[in-house]
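The values are calculated or read from the model by the stated rules, or taken from the named source; none is laboratory data. These figures come from a predicted structure and were not determined experimentally. We place every Cβ from the backbone using ideal geometry, glycine too, and count neighbours over all the protein chains shown. Areas reflect the complete protein model, heavy atoms only, side chains present, ligands, DNA and RNA absent. Shrake-Rupley method; radii C 1.70, N 1.55, O 1.52, S 1.80 Å.
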Amino acid sequence: MNAIAALSPYSSALGKPNIERHTLSVLVDNEPGVLARVVGLFSGRGYNIESLTVAEVAHGEHLSRITIVTTGTPEVIEQISHQLERIVPIHKVTDLSMQARVIERELAMIKVHGTGEHRSEALRLSEAFRAKVIDATIESFIFELTGSPGKIDDFVELMRPIGLVEVSRTGVAAITRGAKGM
Amino acid sequence: MSKQMTGAEMIVEALKDQGVDTIFGYPGGAVLPIYDALFQQDSVQHVLVRHEQGAAHAAEGYARSTGKVGVLLVTSGPGATNAITGLTDALLDSIPLVCLTGQVPTHLIGSDAFQECDTVGITRHCTKHNYLVRSIEDLPRILHEAFYVARSGRPGPVVVDLPKDVQFALGMYQGPLNIQHKTYQPKLKGDADRIREAVAMMAKAKRPVIYSGGGVVNSGPEASKLLRELVALTGFPITSTLMGLGAYPASGENWLGMLGMHGTYEANHTMHDCDLMIAIGSRFDDRITGRLDAFSPGSKKIHIDIDPSSINKTVKVDLGIVGDCAHVLEDMINVWRTEGHKVDDEALAGWWKQIDHWRARKSLAYRASKTTIKPQYAVQRLYELTKDRDTYITTEVGQHQMWAAQHYHFEEPNRWMTSGGLGTMGYGLPAAIGTQMAHPKSLVIDIAGEASILMNMQEMSTAVQYGLPVKIFILNNEYMGMVRQWQELLHGGRYSQSYSNALPDFVKLAEAYGGHGVRCSDPADLDRAILEMINYPGPVIFDCIVDKQENCFPMIPSGKAHNEMILAELSDDAGVAIGSIIDEKGKMLV
């Protein structure tokens with residue numbers, strides 16, 4: 001018996017909980033500690049963070065945009081949005097996954113070791129994925145790849161048998177299509 | 001009106017501009033400049049506590065009994081960390097506080113300097129917001145913002161961490177005018193369409209109940225007035241959480257008593273069987289709901305709350321209205337009147353008949369005794385002998401707190417100061433001190449347990465220093481009673497560490513502090529002893545020796561639903577029988 005889970009307010013009494021992946025865009029005042037407030041909220045209340053990116057987007061106004069990919073039941077996702085809105089220096093929280101059309105992109109740098117056939121196979125695949133070679137030695141490449149998280153996952157998996165050394169990923173940045181802002 | 005002054009002077013100036021007349025605090029190295037500025041003025045009175053936790057609870061008592069922001073001033077490091085329990089308490093009960101903490105000078109921050117701690121880091125999770133003031137230019141704005149954030153929307157504690165060099169620095173002070181917050185602007189008015197929908201649902205209801213909470217008290221006296229008006233207009237039954245007591249008068253004919261774990265039989269059954277629940281400024285806390293998947297299964301639920309995150313947090317509701325209780329209640333009443341709604345009189349009469357049937361169970365009854373003082377009897381006598389006076393009640397946490405909530409009846413809001421969300425033992429005495437500071441002529445009583453009171457006993461010294469005639473009414477059963485009760489119900493009566501060994505002689509203790517002590521163990525002598533306490537013109541410790549075995553009933557056992565309450569008669573002979581009521585799942589809950 002899963003006693004604790006059955007009593008949790010976040011699990012539906014009927015059937016399995018319906019876990020969804022959502023991308024939240026959070027506009028914040030770029031002041032000290034604001035990222036700690038956001039991250040602390042997630043750890044303190046037991047929410048998941050799949051990826052998190054943050055950078056200043058308007059220097060004059062000291063605004064930063066945090067993009068968080070999280071998972072949970074629809075009830076939990078709604079709670080996360082509302083809990084984020086309670087943080088004082090947060091201007092706006094938008095659940096991009098509730099919008100019809102969203103573009104998500106991530107940048108990755110992928111280091112691959114290989115010689116001979118492996119080396120040329122890596123290069124061929126990188127062309128298919130439109131990855132850029134940003135560093136090369138006799139026995140290695142570093143590829144730069146931009147795309148959806150899934151595309152990057154696919155490329156990384158292809159590189160693994162060839163000689164994957166390491167991966168550095170930025171996490172997801174996301175924006176809605178069309179003329180309207182968040 | 002900008003004026004050049006030091007940071008320390010700005011702090012005192014900002015307190016005056018924010019209408020603060022009393023602060024609670026304790027000096028130390030990192031706040032000396034502020035204490036120096038306080039020394040040189042008379043507008044803001046400083047109350048010296050004996051421990052910073054006491055300062056925080058005193059500020060809470062002050063805030064709850066006045067509706068104003070409570071202020072405390074503590075030094076860096078241990079000063080700040082000692083205040084944390086009080087800050088957390090204020091966060092859970094939505095009490096507006098501004099906590100000024102000293103900090104080591106900015107150039108030493110991060111160097112593990114003497115009495116340094118990462119105050120903003122530590123308090124980030126137990127405050128509504130906090131600030132580290134890095135430069136004198138930011139200080140006036142941050143001070144005024146702190147008060148704004150503390151009292152606006154859902155109130156809460158705000159920490160302003162003040163490095164010592166900023167306190168010494170010279171800068172231009174700005175008053176609170178023209179300070180508009182960039183991001184934090186809570187919504188006060190509820191959505192008009194939703195309010196209309198709520199009123200329509202109310203008009204159709206056959207078995208309605210209003211379930212109000214601390215949000216009504218926090219919203220201000222107007223909200224309580226409007227709540228009473230709505231009840232009078234509809235004739236709906238009303239129950240309230242621990243935090244909401246007094247918003248609707250206990251003498252009101254629609255009053256069901258408190259609900260929840262130790263609420264009345266009629267309140268909990270009404271909640272369980274209702275077809276429409278109107279939650280106003282309450283948050284479906286686990287003490288209220290009992291087992292969630294059996295919580296009021298057949299009802300539509302309307303939830304009015306100023307905090308959007310409260311809505312659908314634990315209980316899914318059919319209609320959420322985000323807004324301030326007073327604003328929303330006013331609009332609801334207007335819509336009810338202008339649209340000429342009528343309740344379903346016939347259905348309501350049947351509903352009241354059912355409720356009266358539950359009431360007839362007399363769930364707060366207990367077996368009276370001529371030889372020992374029953375704790376319920378002690379609270380009842382205290383109520384009877386103080387109800388016609390201007391009285392404020394605070395409590396500690398435990399059985400005595402629940403008996404106070406059950407047997408002391410509140411007619412007005414802001415008269416009842418108790419630690420609800422956090423359940424902080426040691427809250428009551430400092431809260432009574434803060435309340436008495438705000439209401440010097442009133443009767444302020446801390447209904448206490450002998451274990452809780454010892455957690456902040458040192459504040460008796462504060463009461464004596466300031467001539468505060470607070471009355472500490474200890475229901476002394478020589479046990480951490482609620483712990484003992486749970487051990488009886490859940491752990492086979494193995495009273496692990498719950499006996500209060502080596503208790504002090506409370507009468508002598510009162511005298512040692514410079515107060516007055518009264519002891520009573522005879523029910524026949526109780527009234528006389530209570531009157532002696534009330535009439536003594538200074539602080540009193542009343543050691544009321546009560547029945548050691550008494551348990552607090554009725555009770556919704558952990559993991560059970562509202563209609564599975566246990567009543568005192570069932571529990572008469574045996575913990576064993578009750579112990580078997582709570583299943584393994586329930587035992588895991590607190």
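Here are the numbers for the structure shown:
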quantity	calculated
Test: A:Val165 is of a type in the set (A, V, I, L, M), away from chain B (no Cβ under 14 Å), surrounded by fewer than 18 Cβ atoms within 10 Å (Cβ to Cβ) and assigned to a helix (DSSP H, G or I)	no
Spans of strands (runs of 3 or more DSSP E) in the stretch A:46-95 with at least 1 residues within 12 Å of chain B (Cβ to nearest Cβ)	A:63-72, A:90-95
Qualifying positions in the stretch B:406-439 - touching a residue at least 60 places away in the same chain (Cβ under 8 Å), among the hydrophobic types (A, V, I, L, M, F, W, C) and open to solvent by 10 Å² or more (accessible area, probe 1.4 Å)	B:Phe410, B:Leu422, B:Met437, B:Ala438
Looking only at the stretch B:363-387, and only at residues there that are at pLDDT 95 or above and among the basic types (Lys, Arg), the one that is least open to solvent (accessible area, probe 1.4 Å)	B:Lys374
The stretch A:12-30 - residue that is more than 30 Å from A:Ile152 (Cα to Cα) and in contact (Cβ under 8 Å) with a residue 24 or more places away in the chain and, of those, farthest from the other protein chains (Cβ to nearest Cβ)	A:Ser12
Selected residue [part of a helix (DSSP H, G or I), farther than 29 Å from B:Ala90 by Cα and open to solvent by 10 Å² or more (accessible area, probe 1.4 Å)] from B:Ala529, B:Ala524, B:Ala502	B:Ala524
B:Arg124 being open to solvent by 20 Å² or more (accessible area, probe 1.4 Å), more than 10 Å from chain A (Cβ to nearest Cβ) and not in a loop (DSSP other than H, G, I, E, B)	no
Residues of the stretch B:532-542 that turn out to be assigned to a helix (DSSP H, G or I) and buried (at least 20 other Cβ atoms within 10 Å of the Cβ), as a count	1
Residues satisfying the stated conditions in the stretch B:71-95, i.e. under 21 Å from B:His144 (Cα atoms) and within 14 Å of chain A (Cβ to nearest Cβ)	B:Leu91, B:Ser94
The stretch A:140-162, subset part of a strand (DSSP E or B) and over 15 Å from A:Val112 (Cβ atoms), residue most open to solvent (accessible area, probe 1.4 Å)	A:Thr146
Residue list for the stretch B:48-84, filter: under 14 Å from the mean Cα position of the chain (by Cα) and surrounded by 21 or more Cβ atoms within 10 Å (Cβ to Cβ)	B:Ala56, B:His57, B:Ala58, B:Ala59, B:Glu60, B:Gly61, B:Tyr62, B:Ala63, B:Arg64, B:Ser65, B:Gly70
Selection count, the stretch B:145-195, where residues are among the hydroxyl-bearing types (Ser, Thr, Tyr) and touching a strand residue (DSSP E or B) at 6+ places or on another chain (Cβ under 6 Å)	2
Where B:Thr183 falls short, out of the listed (1) in contact (Cβ under 8 Å) with a residue 60 or more places away in the chain; (2) β-branched (Val, Ile, Thr); (3) surrounded by fewer than 19 Cβ atoms within 10 Å (Cβ to Cβ)	(1)
Total residues in the stretch A:145-166, condition more than 17 Å from the chain's Cα centre (by Cα) and under 27 Å from A:Arg21 (Cβ atoms)	6
Enumeration of residues in the stretch B:476-488 that are open to solvent by less than 60 Å² (accessible area, probe 1.4 Å), within 27 Å of the chain's Cα centre (by Cα) and touching a residue at least 40 places away in the same chain (Cβ under 8 Å)	B:Asn476, B:Asn477, B:Glu478, B:Tyr479, B:Gly481, B:Met482, B:Gln485
Cross-chain or 6+ apart pairs with Cβ under 8 Å, the stretch B:25-47 first and open to solvent by 20 Å² or more (accessible area, probe 1.4 Å), then at pLDDT 95 or above and among the acidic types (Asp, Glu)	B:Tyr26/B:Glu52; B:Ser43/B:Asp21; B:Gln45/B:Asp21
Total residues in the stretch B:149-165, condition more than 21 Å from the chain's Cα centre (by Cα) and open to solvent by 10 Å² or more (accessible area, probe 1.4 Å)	2
Output for the stretch B:110-121, where each listed residue is surrounded by fewer than 18 Cβ atoms within 10 Å (Cβ to Cβ) and within 14 Å of chain A (Cβ to nearest Cβ)	B:Gly110, B:Asp118, B:Gly121
Considering residues of the stretch B:301-346 that are open to solvent by 30 Å² or more (accessible area, probe 1.4 Å) and of a type in the set (Ser, Thr, Tyr) only, the residue farthest from the other protein chains (Cβ to nearest Cβ)	B:Thr338
Qualifying residue in the stretch B:505-520 (condition: in a helix (DSSP H, G or I) and touching a Leu at 6+ places or on another chain (Cβ under 9 Å))	no
Answer from A:Ile77, A:Ile49, A:Ile68, A:Ile4 - the residue that is modelled with pLDDT of 95 or more and surrounded by fewer than 19 Cβ atoms within 10 Å (Cβ to Cβ)	A:Ile49
Within the stretch B:246-277, tally of residues that are under 24 Å from B:Ile566 (Cβ atoms), among the hydrophobic types (A, V, I, L, M, F, W, C) and open to solvent by less than 10 Å² (accessible area, probe 1.4 Å)	6
Qualifying residue in the stretch A:119-139 (condition: of a type outside the set (Phe, Trp, Tyr), in contact with a His (Cβ under 8 Å, 6 or more places away or on another chain) and open to solvent by less than 50 Å² (accessible area, probe 1.4 Å))	no
Enumerated helices (runs of 4 or more DSSP H) restricted to the stretch B:1-101, each holding at least 3 residues that are in contact with a Pro (Cβ under 7 Å, 6 or more places away or on another chain) and either within 30 Å of B:Ile445 (Cα to Cα) or modelled with pLDDT under 95 (or both)	B:52-66, B:78-92
Single residue of B:Ala192, B:Ala198, B:Ala205, B:Ala232 found to be among the small types (Gly, Ala, Ser), over 30 Å from B:Leu87 (Cα atoms) and open to solvent by 80 Å² or more (accessible area, probe 1.4 Å)	B:Ala232
When residues of the stretch B:128-142 are limited to those that are open to solvent by less than 10 Å² (accessible area, probe 1.4 Å) and not in a helix (DSSP H, G or I), the one nearest to the other protein chains (Cβ to nearest Cβ)	B:His129
Condition check for A:Gly33: free of Cβ contacts under 8 Å to residues at least 40 places away in the same chain, within 14 Å of chain B (Cβ to nearest Cβ), open to solvent by less than 20 Å² (accessible area, probe 1.4 Å) and closer than 23 Å to B:Ser309 by Cβ	no
